[in-house]
Amino acid sequence: PPATGKDTATGSDAIPWRCWWTMAELPALLDRLGELRGIGREFVDYRGARHALGTESLRRLLAALGHRVDDPAALAAELESLEQRDWIRVLGPVVVLRGAGEVHFTVLVPLLPTIRWRILTEQGEVLEGEVDPARLAVRGERGVNGLWYRRLALPVPALAPGYHRLELGKDDGSALAGTLLIVAPPRAYLPPALADGGRAWGPSVQLYSLRSARNWGIGDFTDLAGFAVEAAELGADLVGLNPLHALFPADPAQCAPYSPSSRLFLNVLYIDPEALPEFATCIEARRLVGSPEFQARLERLRAVPFVDYPGVASCKLEVLRHLHREFRATADRERGFEFEQFRKKGACDLETYALFHAIQDHFSAAGVAGGWPAWPQPWQQPGGEAARAFGEAEAEAVDFHAWLQWVAAGQLEAAEARARAAGLRLGLYRDLAVGPNGGGAETWGGEDLFARGATVGAPPDPLALQGQDWGIPPYRPDALRESGYAPFIRLLRANMGLDGILRIDHVMMLMRLWWVPVGRPSAEGGYVHYRLDELMAIVALESQRHRCLVIGEDLGTVPAEVRAAMSSWGVFSYRVLMFERDESGRFRAPAEYPREALAAASTHDLPPLASFWGGSDIELRERLGLFPAPGQADEERLARGAARRDLLAALAAEGLAPPGLDAADTVPGPATRSALATAVQCFLARAPAAVLALQPEDWLGMETPVNVPGTHLEYPNWGRKLAADWPDLMARESVWELATMLRRERG
């Protein structure tokens, strides 16, 4: 603000922005607007160096938030409106408390003689009273357009955790304002199995990567149930999974689980058609699947080392359409009622999702590729006449996609039940992606909720030296908050399995996201901030309601505020061996890992242990052109050699170094590689971290990565299968020996 104005909380004679913009350069307007919009003007990179946000990047980010950045007069008016908004309105859209507290509200001076308050609790109770505003604590005051406003603190009694409604009114009964009052529990849920020092472990798999002699070329929910039962037999307490979010049946090549059509629903390619009751009675489906031609297609799909998504989709959807017709023709009353109840529970979200995919099927068949932005304009809104008319005319097509979600949800629920019955105490560990695909069902009709002109990514870091652009649109912080966080609450509820675990990918998104202006490189992006306190409170509340442990993926550039909030709210950290090193390069000893954490040797974005040791990941990245400057690949090889030496030293300090293994030996024999993997997993098992996740790729000595950050078409991400059928893998003597060691080390 101009130096002539008083403090924004108490001043009354600050020069209005609509007047003073003519006295300053446009960048000053942009700076102040960026500050109010939560756009960081600088950031600290992974090396600790500070970087300022350029003016052009700021312009583009403000434009993505809907501002008219080329019109100074319009900018000045928008800025004045933002400056005044929280003073002019009595209550904001949401207030978060942890137990009892105070709610700030704003009133005009002179004050009303009496203000009535009423709280409608989520449990149906009504609490009410009245206060003399002159007796309330003053938290600030300000003059706006010749009027004087005062911010007061209303004491609120202790309430049960939940979503309540606070309403303020005058003594004549007329309303002043209302707000969503979110009362959070002290912390997120901690499973009894992890209380009092309890520790757990389990394998973490990409569901699509599970091979078996019976699946259709992709791991499915039947595989998941069987794999989880076998894991429980080994003594595991959890099975970790990739995001199970809904993708694009009409465009199955879009297979990235972190760029889904919708995070509210499930990937229907994980359905096992043969497990449906209708398969036993549908003559057409059984005849089709039993034909030599179809069986040959399945054999080819099982044999290839990467999932053939178009081939899998072609087989499954052809059969599932037969089974849907069978269901509609023969379903008994109970089964039909269950489906109708599922549709009612899914409400608008499910109907929009099903309509979207029915329309996408229609346009895909007509040769129109892509999501809703590629459709003709009349179809780009779910509430538009074109979409409504299509839904009425093609009700069966819409019903099909809703039915697929019901089937998928039922099979996943059955897999979870089998896992628990087998003794998997922490159940399934699911993953929540940062955002949806910009052309999918979740963003269709949500243009006001998601930013236009920017996508989410990451600044340059060791994983991607050029930075990353994930191509997914971010939530607008202002729109999300004005909605009372309803979309975020629905998202958590859709992904928190009861008595399970939820991993929040890139948990820093609860505080800030790296927005990349469309068409610009990631390095020209900037951080846009969200209300960490409010989002964490919602996470904790939903965690308790679902009895769901929450793990935040806090890798990369992590602000201290995020780690502090995670610790305060009981959200577990995500500690990966490769990053757990001090400034000298020394790998932290197991005893140095935090208690409230998940420990892992690697992730889906990192190479398996065998690849890390041999350096094949560096060779692959060099072939793909992912080192932006000459000599960086050689620097990486030198650093990897040092990492091997440091890792061996850490293992030796624990008495775990494989005999005869030298850091210079990048191509050890199979037995030595297996011994190295066992030593590393034993090393991590000793950590006090409550949860340990292991990758079956390391049990198999695999080198091929799941995903190469910074690539799209250059590498077949999200398709690599495991090198062996999972029933064979889980029966191997080496796996049972590893499990025995893990049970001993984990207590």
Worksheet item: Taking the condition on the phi > 0 side of the Ramachandran plot and without any contact (Cβ under 8 Å) to a residue 24 or more places away in the chain, does Gly519 pass?
Response: yes
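Mind checking which residues of segment 277-304 are part of a loop (DSSP other than H, G, I, E, B) and either modelled with pLDDT under 95 or in contact with a Lys or Arg (Cβ under 9 Å, 6 or more places away or on another chain) (or both)? Talk me through it step by step, then tell me what you get.
Narrowing segment 277-304 to residues part of a loop (DSSP other than H, G, I, E, B): 282, 291, 304.
Scanning segment 277-304 gives Cys282, Val304.
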Worksheet, complete the sentence: Per the filter on segment 259-299, residues open to solvent by 20 Å² or more (accessible area, probe 1.4 Å), touching a residue at least 12 places away in the same chain (Cβ under 8 Å) and more than 30 Å from Asn495 (Cα to Cα) are Thr281, Glu284, Leu288, Arg297
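Test Gln405 against the criterion of being crowded, with 18+ Cβ neighbours inside 10 Å, in contact with a strand residue (DSSP E or B) (Cβ under 6 Å, 6 or more places away or on another chain), part of a helix (DSSP H, G or I) and not β-branched (Val, Ile, Thr), and give yes or no.
On the way: crowded, with 18+ Cβ neighbours inside 10 Å: yes; in contact with a strand residue (DSSP E or B) (Cβ under 6 Å, 6 or more places away or on another chain): yes; part of a helix (DSSP H, G or I): yes; not β-branched (Val, Ile, Thr): yes.
Judged against the criteria, Gln405 is a match.
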Worksheet, complete the sentence: Scanning segment 163-202 residue by residue, the ones that are in contact (Cβ under 8 Å) with a residue 60 or more places away in the chain, of a type in the set (Ser, Thr, Tyr) and either open to solvent by 40 Å² or more (accessible area, probe 1.4 Å) or within 30 Å of Leu738 (Cβ to Cβ) (or both) total 1
Practice prompt. Could you list all residues from segment 89-117 that are open to solvent by less than 20 Å² (accessible area, probe 1.4 Å), farther than 10 Å from Thr179 by Cα and assigned to a loop (DSSP other than H, G, I, E, B)?
Written response: none
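Go through the residues of segment 40-53 one by one and say whether even a single one is part of a strand (DSSP E or B) and surrounded by 16 or more Cβ atoms within 10 Å (Cβ to Cβ). Break it down into steps so the answer makes sense when it comes.
Step one: of segment 40-53, the residues part of a strand (DSSP E or B) are 42-44, 50-52.
Subset that is surrounded by 16 or more Cβ atoms within 10 Å (Cβ to Cβ): 43.
Yes, some residue in segment 40-53 is part of a strand (DSSP E or B) and surrounded by 16 or more Cβ atoms within 10 Å (Cβ to Cβ).
Among the residues of segment 50-101, which ones are among the charged types (D, E, K, R) and more than 21 Å from Leu168 (Cβ to Cβ)?
At the first step, the residues of segment 50-101 found to be among the charged types (D, E, K, R) are 50, 56, 59-60, 68, 70-71, 78, 80, 83, 85-86, 89, 98.
Within segment 50-101, Arg50, Glu56, Arg59, Arg60, Arg68, Asp70, Asp71, Glu78, Glu80, Glu83, Arg98 qualify.
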Worksheet item: With segment 143-258 as the region, which strands (runs of 3 or more DSSP E) entirely inside it contain at least 3 residues that are touching a His at 6+ places or on another chain (Cβ under 9 Å) and among the hydrophobic types (A, V, I, L, M, F, W, C)?
Response: 147-156, 175-183
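Looking at segment 127-140 only, could you name the residues that are under 22 Å from Asp171 (Cβ atoms) and open to solvent by less than 80 Å² (accessible area, probe 1.4 Å)?
Of segment 127-140, the ones under 22 Å from Asp171 (Cβ atoms) are 127-138.
Within segment 127-140, Leu127, Gly129, Val131, Asp132, Pro133, Ala134, Leu136, Ala137, Val138 meet the criteria.
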Item to complete: Please determine, by comparing only the residues of segment 141-162 that are surrounded by 18 or more Cβ atoms within 10 Å (Cβ to Cβ) and under 30 Å from His546 (Cβ atoms), which one is farthest from the chain's Cα centre (by Cα).
Response: Val156
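From the set of residues in segment 60-78 that are in a helix (DSSP H, G or I) and touching a Pro at 6+ places or on another chain (Cβ under 9 Å), which is most open to solvent (accessible area, probe 1.4 Å)? Walk me through it before giving the result.
Within segment 60-78, the first condition is being in a helix (DSSP H, G or I), and the residues that meet it are 60-64, 72-78.
With touching a Pro at 6+ places or on another chain (Cβ under 9 Å) added as a condition, the list becomes 60-61, 63-64, 76.
Numbers: Arg60: 83, Leu61: 0, Ala63: 47, Ala64: 5, Ala76: 0 Å².
Within segment 60-78, the match that is most open to solvent (accessible area, probe 1.4 Å) is Arg60.
The values are calculated or read from the model by the stated rules, or taken from the named source; none is laboratory data. Keep in mind the model is a prediction, meaning the values are calculated, not measured. We place every Cβ from the backbone using ideal geometry, glycine too, and count neighbours over all the protein chains shown. Ligands, DNA and RNA are stripped out before the accessible areas are found, and what is left, the full protein with its side chains, is counted by its heavy atoms. Shrake-Rupley method; radii C 1.70, N 1.55, O 1.52, S 1.80 Å.
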